[in-house]
Ligand code: NAD
Ligand code: UDP
């Protein structure tokens, strides 16, 4: 059985679908600080069985010990954490407590339970730049804000743990820009309040919930002057977790370092390219206006996903059109049914 922390959240719920449809049994631990319990009903419709669920906090050792005592857990996929970069600048302690302390408590509970296979949600924001070429795992690291720093600290903790105890099997997966939703339209991303990220904001403009998109900056040194990112369909991302888990569970030679992989498509798209693709997918005209650059934004970055292909045999299959079409389907379903996650 796989323990998925943060499994009712955006990426966690899609990964549960991939895991359960591949035959894994799943137990979710989530404190529901950024997701809804209704997601479990949706998962039950998308998967052969309903996942087990424990409402609780990864920072709570007694909850963790009871989960490991109750279920035959063989590996942990750890999504639980806080993820809003701007919020992390205002509330750094909440981010270090949730993301760093939460991970340490979880790893200690795993040690007590003798469970040593661990997949960690890291991020492309751990890279320090320069950003003029595809980012590789060996590139310089450094984060300019508490969120990215909290992820980098956990990566370092995992490296120390792996070196001290080589029988651990650890993967750090550095996600680029996850977007989209399950093709059923039953699960997806539901940001609280006004979305910070481009794709959910576009979906709300297309549906009439918001008047127009502010395009933050059109004077970057990119082909059309707007920011470029490596968008990745969340189901491709979910399948990468499945591949990483399978790899960790079957690899025969133990490693002295965590397996660290970029997860992206390797292809960057500008804000205007995404807007056009979303207009095509939704059939809606999207109002936009150029606005000053957003503080802290980088002009462009994209992944070199070659190592994930080499080690896991994984590569993203879904393109920008599918990312937009699935986001739009989810937007229409969630507006109709109420937002489940
Ligand atoms: P999300 O907020 O949708 O999911 C996180 C889940 O964790 C939520 O269900 C929340 O209720 C739960 N949670 C938070 N703190 C918890 C705690 N202390 N104990 C138990 N549950 C807790 O976020 P997401 O987009 O699915 O991201 C999942 C992971 O991937 C996060 O660690 C995030 O930092 C990382 N990540 C996300 C992105 C992205 O763009 N979405 C990019 C890179 C990395
Ligand atoms: N962006 C934008 N308007 C928005 C939200 C985002 O122009 O309302 C731009 C942003 O400046 C960046 C790109 O879209 O160039 C992706 O932003 P997002 O926040 O989705 O991802 P991140 O910047 O965290 O990689």
(message) Looking at the structure I just gave you, is residue 64 in contact (Cβ under 8 Å) with a residue 12 or more places away in the chain, more than 9 Å from ligand 1 (Cβ to nearest atom) and closer than 27 Å to residue 247 by Cβ?
(response) yes
(request) Mind listing whichever residues of region 11-45 are outside any loop (DSSP other than H, G, I, E, B), surrounded by fewer than 19 Cβ atoms within 10 Å (Cβ to Cβ) and in contact (Cβ under 8 Å) with a residue 60 or more places away in the chain? (result) 41, 45
(message) Go through (1) more than 19 Å from the chain's Cα centre (by Cα); (2) surrounded by 15 or more Cβ atoms within 10 Å (Cβ to Cβ) for residue 170 and report which single condition fails.
(response) (1)
(request) Could you tell me whether region 85-103 includes any residue that is within 13 Å of ligand 2 (Cβ to nearest atom), part of a loop (DSSP other than H, G, I, E, B) and under 17 Å from the mean Cα position of the chain (by Cα)? (result) no
(request) May I ask you to list the residues in region 49-60 that are part of a loop (DSSP other than H, G, I, E, B) and within 15 Å of ligand 1 (Cβ to nearest atom)? (result) 51, 56, 57, 58, 59, 60
(message) Can you pull out every residue in region 186-203 that is near ligand 2 (Cβ under 9 Å from one of its atoms) and either in a loop (DSSP other than H, G, I, E, B) or without any contact (Cβ under 8 Å) to a residue 60 or more places away in the chain (or both)?
(response) 194, 195, 196, 197, 201
(message) One residue is enough: does region 300-311 have a residue meeting the conditions within 9 Å of ligand 2 (Cβ to nearest atom), farther than 25 Å from residue 236 by Cα and in a loop (DSSP other than H, G, I, E, B)?
(response) no
(request) Only one of these is under 17 Å from residue 28 (Cβ atoms), modelled with pLDDT of 95 or more and outside any helix (DSSP H, G or I): 67, 63, 115. Name it. (result) 115
(request) Name the single residue, out of those in region 139-185 being in a loop (DSSP other than H, G, I, E, B) and closer than 18 Å to residue 124 by Cβ, that is nearest to ligand 1 (Cβ to nearest atom). (result) 176
(request) Kindly list the number of the only condition in (1) assigned to a helix (DSSP H, G or I); (2) within 16 Å of ligand 1 (Cβ to nearest atom); (3) exposed (fewer than 15 other Cβ atoms within 10 Å of the Cβ) that fails for residue 321. (result) (2)
(message) Condition first: farther than 25 Å from residue 103 by Cα and surrounded by fewer than 22 Cβ atoms within 10 Å (Cβ to Cβ). Now tell me which residues in region 183-195 satisfy that.
(response) 183, 184, 185, 193, 194, 195
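The values are calculated or read from the model by the stated rules, or taken from the named source; none is laboratory data. Remember, predicted model here, so these are calculated numbers, not experimental data. Positions of Cβ are backbone-derived with ideal geometry, glycine not excepted, and every protein chain shown enters the neighbour counts.
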